[in-house]
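The next block holds one structure in the form of structure tokens; read it before the comments.
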Amino acid sequence: MRILLAVASRHHGTWEIGEVIARRLRERGHDVDQRAPEDVPTVAGHDAVVIGSAVYTAHWLPAARELADRCAEELRTRPVWTFSSGLATQPANSANSPLEVAALRERIGARAHRSFRGRLDRSVLSFTERAIIAGGRAREGDHRDMAAVTAWADEIADALAAVPPEHRSAAASRPAVGTRLR
């Protein structure tokens, strides 16, 4: 299957989670296009979609939310999964629970949402971001669990293996748009 993996990442940590997902899905036989959400005019040409975003102040980044809104009708016609990556020192399910995820999942028909712990490097943060992080008492470091990310990618691949061929879109009829590294 041809999978679009759209990842909104401010400081590259969430993008790297996307790279792990893409690598595993490729290992499982899928063609994966990893792109920044702002580089996705349409999801046409893809059989399935995974949308991920870094979480800041309990919200997905605007580019990811805008992609979901812009392509909601198309997204409802194919298998979709979402993921978040946020504060590194909080339990993943509370730190990465964007306020809009439940409504977004319903709007686009996402099958599941997964939250992952993130990576915190204060040296790359803006003054405002550092102030917010200070209030949350977040610990610096890489707290991502890439084994959990890989396992989740396996869950997606297993679910896609169960999709009957007659329910797959005509992905091969549309050319891919270039990938932009984040």
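Bear in mind that the values in this text are calculations on the coordinates, not laboratory data. Owing to the predicted nature of the structure, the values given are computational and were not obtained by experimental measurement. In this analysis, Cβ positions are derived from the backbone assuming ideal geometry, glycine residues included, and neighbour counts consider all displayed protein chains.
Given their separation in residues at 0.36 nm each and the Cα-Cα distance between them, A161 and T77 gain 28.5 nm when the chain is fully extended.
Among 12-19, 107-114, the peptide with the highest mean count of other Cβ atoms within 10 Å heads the list, and the full ranking is 12-19, 107-114. Listed peptides 53-60, 25-32 appear in the order 53-60, 25-32 once ranked by packing, highest mean of other Cβ atoms within 10 Å at the front.
The phi-based Karplus calculation (6.51 cos²θ - 1.76 cosθ + 1.60; θ = phi - 60°) puts the 3J(HN,Hα) values of region 70-76 at 5, 10, 3, 4, 5, 4, 5 Hz, whole numbers, x for Gly and Pro.
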